[in-house]
Amino acid sequence: MVEVSIYLFIGLILMSIRRVISGMKNGAFYGKHNKVHNPKLDKYINNLHYLETPAWYAQFGALFFLVFAIFRLVSGDVELFLMFKQFSAAMLVTMGCSALASYHFQGWINYGEGSPFYNPKEDKMSEFAFGPISFWWNRGLLDKFKRIVPIVGFIVMILGMYLGLFLWV
């Protein structure tokens, strides 16, 4: 029970961090439209990705730990191979959940930049910005299959739930 409590605690802390980052994003939004704003917001006003990247990791990190805690409750045996399988199943659920939302996530960004919801000509690059680190990476083939990624994500999410709850008990 101590092990599961640790995972729950980590998940809850990450969700609290996610909420703080949301407040920072709101501050950047309002600060961008004010002539006078706190200089602590400048980095985020100039590049919202410095908030979006850690927000994504906090949100889906929390989801991972909460799902992993559930899988450990189903079978709490302290067996390395079982724990690896539960870890993998929790990763499938987390990544599938993210993929499920990916098409609509990008669609609203496209609207914000004046493009259609589905824009086959959108920029193929994505920015990772976390702390002092910032770099652009190519999303590769994901853009070609953008409309089916949510379907694959849903299947992966269900598969992870099945594996974590039923198959390896």
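Here is how the numbers come out for the structure above:
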| quantity | calculated |
| --- | --- |
| Hz values of 3J(HN,Hα) by residue in region 30-46 - Karplus curve (6.51, -1.76, 1.60), Gly and Pro given as x | 5, x, 4, 9, 9, 5, 10, 9, 5, x, 5, 8, 3, 4, 7, 5, 6 |
| Theoretical ellipticity at 222 nm over the chain - DSSP helices of four or more residues, -39500 (n - 2.57) apiece, nearest 500 | -22500 deg cm²/dmol |
| Net charge, residue 51 excluded, C-beta distance under 15 Å - Lys, Arg +1, Asp, Glu -1 | +3 |
| Length-normalised contact order of the chain in % [C-alpha pairs under 8 Å, at least 6 apart] | 26 percent |
| Sorted peptide list for 51-59, 154-162, criterion being average Cβ within 10 angstrom, highest first | 51-59, 154-162 |
| Distance from region 83-108 to region 28-72 (C-alpha centre basis), Å | 19 Å |
| Extended-chain gain in nm, criterion 0.36 nm per residue less alpha-carbon gap, residue 12 and residue 109 | 32.1 nm |
| Net charge, residue 90 excluded, C-beta distance under 15 Å - Lys, Arg +1, Asp, Glu -1 | +1 |
| Fully extended contour minus Cα-Cα distance, from residue 148 to residue 43, at 0.36 nm per residue | 34.3 nm |
| Cα-Cα separations in the chain greater than 28 Å, expressed as whole percent | 36 percent |
| Under 13 Å, Cβ to Cβ, from residue 99 - net charge with Lys/Arg +1 and Asp/Glu -1 | +3 |
| Lysines whose Cα lies under 27 Å from that of residue 43, excluding same-chain neighbours fewer than 8 positions away | 25, 32, 35, 124 |
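The numbers here are math on the coordinates, done by the rules we state, and not lab data. On a predicted model such as this, the values are computed, not experimentally measured, just so you know. Ideal geometry is used to build each Cβ from the backbone, glycine not excepted, and the neighbour counts take in all protein chains shown.
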